[in-house]
Amino acid sequence: MYIREIELVNFRNYRKLKLDFAKDYNLIYGRNAQGKTNILEAIFLCSAGRSHRTSKDNELIRFNEEGYYVNLTVERRDGEKNIEILYKRNEKKRIKINGVSISRNGQLMGQLNTVLFSPEDLSLVKGGPAERRRFLDIAISQIKPSYFYDLQQYSKILTQRNALLKEIGSRSSGSEKLKDTLEIWNENLAETGSRIILERSIYLSELSKKAYGWHNLLTGQKEKIEVIYCPSIDISKCNGVNEIKAKFLEYLNDEIEKEIRSGMTMYGPQRDDVELKINGKSVKMYASQGQQRTAALTLKLSETELLKEIIGEYPVLLLDDVFSELDAFRKDYILASLENMQTFITSTENHLLLNTLKNSSVNKNVKTYMVENGTVSEEKM
């Protein structure tokens, strides 16, 4: 798949912008804070329904304007898809696919598949479990919209169950009757949560295989990476979703008194984590900055390969200010490996990007754009 064109109106620092793109490489360069990343952000918005930089749509609106509009056309193996997103302050965001309004964000999932890698993705390695869960959730939701709906449903059930736990814990009388109602919440939580856990387990098992190969090549066969799923409940002996559900319920029932005292649910997908190891050692604890960056890049590149296997075509790859941190070997290897994948690369140093492409084995269609203060001009190669 590839993005043919995009139109922005009052999005971030762009008043009006319309661009058409190359099917292979699109190099976007300029000084910092000129608007390079905003283009990638708009593309990601059309893929995930939200920005990768903020959860607040108001922050995406150009200063002193009342709303933003994004219109993107993507060519897929199964035909053309047009995605429109319109947002006005204090109103619900409106999304259309091929001119038809959708009622749920989940209907957007899988229409445009993207993989984004930016300097902030070091948090995949250095950050807390929530960052790694978010990576998982975005990746799997693009493949299975049903997973996205399960996440939404699980969040609602979890909020209600936690509220009930707090109410039970705060009561001096009548708590036993309330405690009896926990059974139905436990059932609902385990029903939905077990499906999430299973999908995460399957996805990470396949991702780990891809990561092993990518990391081995990126490090000149010097490092072996492991990607390990660490759910909050022990599913090592579980076969299938029903056994995971039974194990989940066992944890909930056994720890009910502890949860009432704490006022929160202590087990489930909201407590999961992913552990990364290089040569048997924790990447978060023992790896250098360079090793951590390469590990994060490995995860993203592995995601592209896994998406290709599952959906039958490569996603669009968004590399935001990443190449300046890589040595010549890694730059050349990555570019040579991105065959048949539309790639967007932002940088402050255009000549380095062009030299890398010229010196690599890549012989593809390339477009170059210079960004300055919200104005984009295409440059001839």
> Just a yes or no: is a residue in region 71-83 in contact (Cβ under 8 Å) with a residue 40 or more places away in the chain, of a type in the set (D, E, K, R), under 20 Å from PHE21 (Cβ atoms) and surrounded by 13 or more Cβ atoms within 10 Å (Cβ to Cβ)?
Replying inline: yes
> List pairs: first in region 120-136 and over 19 Å from SER302 (Cα atoms), second open to solvent by 20 Å² or more (accessible area, probe 1.4 Å), Cβ under 6 Å, 6+ apart or cross-chain?
Replying inline: PRO129/ASP273
>> With the structure loaded, tell me whether LEU252 is in contact (Cβ under 8 Å) with a residue 40 or more places away in the chain, more than 30 Å from THR73 (Cα to Cα) and either within 21 Å of the chain's Cα centre (by Cα) or in a strand (DSSP E or B) (or both) or whether it fails that test.
In response: no
> Only one residue in LYS156, LYS177 is modelled with pLDDT of 95 or more and open to solvent by 60 Å² or more (accessible area, probe 1.4 Å). Which one?
Replying inline: LYS156
> Counting only residues that are surrounded by fewer than 16 Cβ atoms within 10 Å (Cβ to Cβ) and part of a loop (DSSP other than H, G, I, E, B), which one in region 94-109 is nearest to the chain's Cα centre (by Cα)?
Replying inline: ARG104
> Inside region 11-52, can you point out the residues that are in a strand (DSSP E or B), over 23 Å from LYS81 (Cβ atoms) and open to solvent by 10 Å² or more (accessible area, probe 1.4 Å)?
Replying inline: ARG15, TYR29
> Looking at (1) of a type outside the set (Gly, Ala, Ser); (2) over 28 Å from THR348 (Cβ atoms); (3) open to solvent by 20 Å² or more (accessible area, probe 1.4 Å); (4) under 20 Å from the mean Cα position of the chain (by Cα), can you tell me which one LYS88 breaks?
Replying inline: (4)
> Got a sec? Which of THR346, THR304, THR298 is closer than 26 Å to ASN38 by Cα, at pLDDT 90 or above, over 18 Å from the mean Cα position of the chain (by Cα) and not charged (D, E, K, R)?
Replying inline: THR346
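The values are calculated or read from the model by the stated rules, or taken from the named source; none is laboratory data. This one's a predicted model, so the numbers in the text were calculated from it and none came from an experiment. Here Cβ is always computed from backbone atoms with ideal geometry, including for glycine, and neighbour counts include all displayed protein chains. When the accessible area is computed, the model is the full protein with side chains, heavy atoms only, and any ligands, DNA or RNA have been set aside. Shrake-Rupley method; radii C 1.70, N 1.55, O 1.52, S 1.80 Å.
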